[in-house]
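Every read-out reported here was derived from the displayed coordinates using simple, explicitly stated rules and does not represent laboratory data. Everything numeric in this text was worked out from a predicted model, so none of it was measured. All Cβ positions, even for glycine, are placed from backbone atoms using ideal geometry, and neighbour counts span all protein chains on display.
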Amino acid sequence: MTTTAKPRLIGKVTHFYNHIGVAIVKLNEGLVLGEHLHFSGKHTDFSEPVASMEYNHHQITWAERDQEVGIKVEKPVREGDLVLAADEDEEADDG
């Protein structure tokens, strides 16, 4: 019998800047550049690593719980989408 661990909730999308492809995420826990995230919502379902992250318009390599950070994303996200921790091999499954 195998059990699947529930993915960790990293945060929630509070805004999306479509013209620059940046999701504003309110963090429930710390986040490090390069960590793999899964964006999940009614119309959203993809994974990718954190390649670029900003706080107050400055590039950062890590962020703390309760910070609101900008994360560059390759696909559109929507307000209210969940941001979950993702397995690295999960990213390869999303086309």
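Under 8 Å for C-alpha pairs, at least 6 residues apart: give me the relative contact order for the chain, rounded to a whole percent. Spell out each step's value before the answer.
On the way: 215 pairs, mean separation 36.0, N = 95.
After rounding, I find 38 percent.
Sort 44, 14 so that the residue with the fewest other Cβ atoms within 10 Å of its own Cβ comes first and the one with the most comes last.
With the fewest neighbours first, 44, 14 line up as 14, 44.
Once you place label points 7 Å from the Cα toward the Cβ at residue 68 and residue 17, how far apart are they in nm?
Computed distance between label sites residue 68 and residue 17 equals 1.3 nm.
Determine, for the range 9-93, the count of lysine pairs separated by eight or more sequence positions (or lying on different chains) whose alpha-carbon distance falls under 15 Å. All intermediate terms of the calculation are to be shown ahead of the outcome.
On the way: 12/26; 12/42; 12/72; 26/72; 42/75.
Taking the range 9-93 as the scope, the lysine pair count is 5.
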